[in-house]
Amino acid sequence: MKRISIFGATGSIGQSTLDLIGRRMDDFQVVVLTGGANIAQLAGDALKFRPELVVTAYPEKMDDLRAALEGSGIECAAGQDALVEAATRPADWIMSAIVGVAGLAPGLKALEQGTTLALANKESLVTAGPLLLDTARKHGATILPVDSEHSAIFQGLVGEEMSAVERIIITASGGAFRDWPIEDLRNATCAQASTHPNWDMGQRITIDSASMFNKALEVIETKEFFGCDPKMIEVLVHPESLIHALVGFNDGALMAHVGAPDMRHAIGYALNWPDRAHLPVERLDLAAIGRMTFRAPDDTRYPALRLAREVMETGGLSGAVLNGAKERALDHFIAGRIRFTDMADLVAGALEQLSRRNTLHLPVTLDNVAQLDHLARKAADQIAMDLVT
Ligand code: NAD
Ligand code: MG
């Protein structure tokens, strides 16, 4: 029996992970489940999967959680410290699927236990890549990528030497506005940005797909995880989202990972790694699909990609600034305070301000990441205020 913990169990990735585990209950024992405010979901899953411990991120939800689990014998806890503590419970495989920089501290604590961390939380690598990888190395822990593009690259590299890799191409659907005239983007509404052509995901990541900030995070994630030269990383717009990534080798071969857009593929690969096992995902009928198309991304349409390049060149804590400022820009856009196209300006402005204050090259520690995240959000708020007034 594999002992499994899921951080962010109530989210989209967490639920897909539980879907896979629920189909093979005899193979897995669930140790910890964590969630946020959705206590009905968290408690319902706890009663089904019988973990040792359930944690909500919010202390004010503790009473609800305790009441929902009354008489079940399942322990419960609440708050950020309890989340981090929960990562010390012995487990063979831990899913990191909390959204945002809040996923970093529990993920690091899990790595300190020498476990295998299935990493969906891309923000961890973007904000603190070197810290995460050093911690894993020091404690003999393994990180398995769960973002679909990174899982695809990882699969393309099985049995290969990194020295034979010339380029890594990650694909992007192009998001909701890929076919819009560029001049219309400034008037795009939140409702329009919140529908994804291919993937069914939460609202924030869907808007991040339309702006390509999701791809910007993924480009940085690629550089951090695979340790490759940023110049080797390319983004390719592929509207059908059937190829998730390609690895290009020094003999000219391109190995593509092709699959239905279903996150259970990447999650299942990490769950069964280093083996493969049957997964309940759609089998593609390529003859019926007929064709796949590709185009180059346009930096004018997607300034986020240019910002990702800037962050990879700068290194240090610039990823934490990009991520923090992007989160606030998204809040302001969703609240209707700024335009779709202002989001990139907020992020660019925050990077510039914090670079001028010489804060980007402090050591990459948990405290400094939190500090820069905070400063980036403040800078983004200020720029948003200036735009509005
Ligand atoms: P989600 O919003 O659906 O779920 C997030 C989970 O984190 C929930 O369980 C929520 O309760 C919990 N959470 C939220 N804020 C928290 C906080 N402050 N402290 C502790 N827990 C908190 O998100 P998701 O779509 O499942 O994405 C999870 C992660 O996986 C993200 O980093 C995302 O970028 C990444 N990812 C998601 C997809 C996808 O298809 N959804 C694909 C690739 C990568
Ligand atoms: Mg992805």
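Checking every residue in the range 42-58 against the condition of being more than 16 Å from ALA9 (Cβ to Cβ) and either touching a Pro at 6+ places or on another chain (Cβ under 7 Å) or surrounded by 20 or more Cβ atoms within 10 Å (Cβ to Cβ) (or both) gives zero matches. Of all the listed residues (ARG276, ARG283), the sole one being under 26 Å from PHE225 (Cβ atoms) and without any contact (Cβ under 8 Å) to a residue 40 or more places away in the chain is ARG276.
When HIS265, HIS278 are checked against the criterion of being farther than 29 Å from VAL321 by Cβ, outside the structural domain of GLN155 (by TED's automatic domain parsing) and within 17 Å of the chain's Cα centre (by Cα), HIS265 stands alone in meeting it.
Only one of the listed residues (THR206, THR195, THR222) is closer than 11 Å to GLY175 by Cβ, among the β-branched types (Val, Ile, Thr) and within 14 Å of ligand 2 (Cβ to nearest atom). That residue is THR206. Of all the listed residues (ALA78, ALA97, ALA105), the sole one being farther than 25 Å from LYS2 by Cα, touching a helix residue (DSSP H, G or I) at 6+ places or on another chain (Cβ under 8 Å) and crowded, with 18+ Cβ neighbours inside 10 Å is ALA78.
Which ones in the range 22-72 are in contact with a helix residue (DSSP H, G or I) (Cβ under 7 Å, 6 or more places away or on another chain) and touching a residue at least 40 places away in the same chain (Cβ under 8 Å)? Listed by number, the residues that qualify are VAL32, THR34, ALA57.
From the list LYS61, LYS48, LYS109, the lone residue that is away from ligand 2 (no atom under 16 Å from the Cβ), modelled with pLDDT of 95 or more and under 24 Å from LEU132 (Cα atoms) is LYS109. Within the range 104-131, being under 16 Å from the mean Cα position of the chain (by Cα), within 20 Å of TYR269 (Cβ to Cβ) and in a helix (DSSP H, G or I) holds for GLY107, LYS122, SER124, LEU125.
Condition check for VAL347 on (1) aliphatic (A, V, I, L, M); (2) surrounded by 15 or more Cβ atoms within 10 Å (Cβ to Cβ); (3) farther than 16 Å from LYS215 by Cβ: one failure, at (3).
Counting the residues of the range 59-74 that are closer than 20 Å to VAL99 by Cα and surrounded by fewer than 18 Cβ atoms within 10 Å (Cβ to Cβ) gives 2. The residue list ALA210, ALA245 contains one member that is in contact with a strand residue (DSSP E or B) (Cβ under 6 Å, 6 or more places away or on another chain), of a type in the set (Gly, Ala, Ser) and not assigned by TED's automatic domain parsing to the domain that holds VAL321, which is ALA245.
Restricting attention to the range 134-154, the residues that are assigned to a loop (DSSP other than H, G, I, E, B) and either within 10 Å of ligand 1 (Cβ to nearest atom) or buried (at least 24 other Cβ atoms within 10 Å of the Cβ) (or both) add up to 2. When you scan the range 319-333, do you find a residue that is among the acidic types (Asp, Glu) and buried (at least 18 other Cβ atoms within 10 Å of the Cβ), even just one? Yes, some residue in the range 319-333 is among the acidic types (Asp, Glu) and buried (at least 18 other Cβ atoms within 10 Å of the Cβ).
No other residue among ARG276, ARG306 is surrounded by fewer than 16 Cβ atoms within 10 Å (Cβ to Cβ) and under 24 Å from GLY175 (Cα atoms) apart from ARG306.
The values are calculated or read from the model by the stated rules, or taken from the named source; none is laboratory data. It should be emphasised that the depicted structure is a prediction, and the values quoted were computed from it without experimental measurement. Cβ sites come from the backbone with ideal geometry, for glycine too, and all protein chains shown count toward neighbours.
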